Structures are given as C-alpha cells and as structure tokens.
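Trainee: My questions will all concern the structure given below.
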Amino acid sequence: MQKINNKKLEKITGGEVSVWVYLIATSIIIFLSGVIKGYTHPESCKKV
C-alpha cells in the first residue's frame, strides 16, 4: 500500500456533482410529475 502525500491529495478530484446537475434533475422530475398528473387527471378547457 502506498502513502499519498499532501500534494497528491489536493490534486484528487471526483465524486463532485455541480449544482446544475441537481437543478436539471429536479426540473425533469417536476415536469414528468406534471405530465403524469395531466394524464391521470385530465381537465377540460374552461370557457371564460
């Protein structure tokens, strides 16, 4: 087993997920839940 010094530890990156990934995933979930709700509970157009 090798010991890693501090310089190598600072260079290691991985497992980081940006805020954009969370925003895109959340927006897809919200959109799909709206599509499912519209499909399962359709409402007719209301005349004004």
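The values are calculated or read from the model by the stated rules, or taken from the named source; none is laboratory data. Just so it is clear, the model here is predicted, and its values are computed rather than measured. Cβ sites come from the backbone with ideal geometry, for glycine too, and all protein chains shown count toward neighbours. Accessible surface areas use protein heavy atoms only, side chains included; no ligands, DNA or RNA. Shrake-Rupley method; radii C 1.70, N 1.55, O 1.52, S 1.80 Å.
Trainee: Which FRET efficiency value, to the nearest 0.05, is calculated for residue 33 and residue 8 with the Förster distance at 30 angstrom and r the Cβ-Cβ distance?
Mentor: For residue 33 and residue 8, the calculated efficiency is 0.10.
Trainee: Moving on. What list of ³J(HN,Hα) values in whole Hz, one per residue of region 36-41 in order, does the Karplus curve 6.51 cos²θ - 1.76 cosθ + 1.60 (θ = phi - 60°) give from phi, with Gly and Pro shown as x?
Mentor: 5, 5, x, 6, 7, 10
Trainee: Given the whole protein assembly as supplied and a 1.4 Å probe, what does the accessible area of residue 13 come to in Å², nearest 10?
Mentor: Here the accessible area works out near 120 Å².
Trainee: Further question: Hey, rough spin-label estimate for residue 48 and residue 23, points 7 angstrom out along Cα→Cβ, what's it come to in nanometres?
Mentor: Simple spin-label model gives 3.1 nm for this pair.
Trainee: Taking loop as defined by DSSP and a crowding limit of 11 other beta carbons within 10 Å, which trypsin sites (Lys or Arg not before Pro) in the chain fit? Walk me through the intermediate numbers first.
Mentor: Working: sites: 3, 7, 8, 11, 37, 46, 47; in loops: 3, 46, 47.
Passing both the DSSP loop test and the Cβ count: 3, 46, 47.
Trainee: Given +1 on the Cβ of Lys and Arg, -1 on the Cβ of Asp and Glu, and no further charges, what dipole in debye does the chain carry about its Cα centre, rounded to the nearest 20?
Mentor: Value, rounded to 20: 120 debye.
Trainee: Out of these labelled values of volume of the Cα convex hull per residue in Å³, (i) 84; (ii) 97; (iii) 48, which was calculated from the coordinates shown here?
Mentor: (ii)
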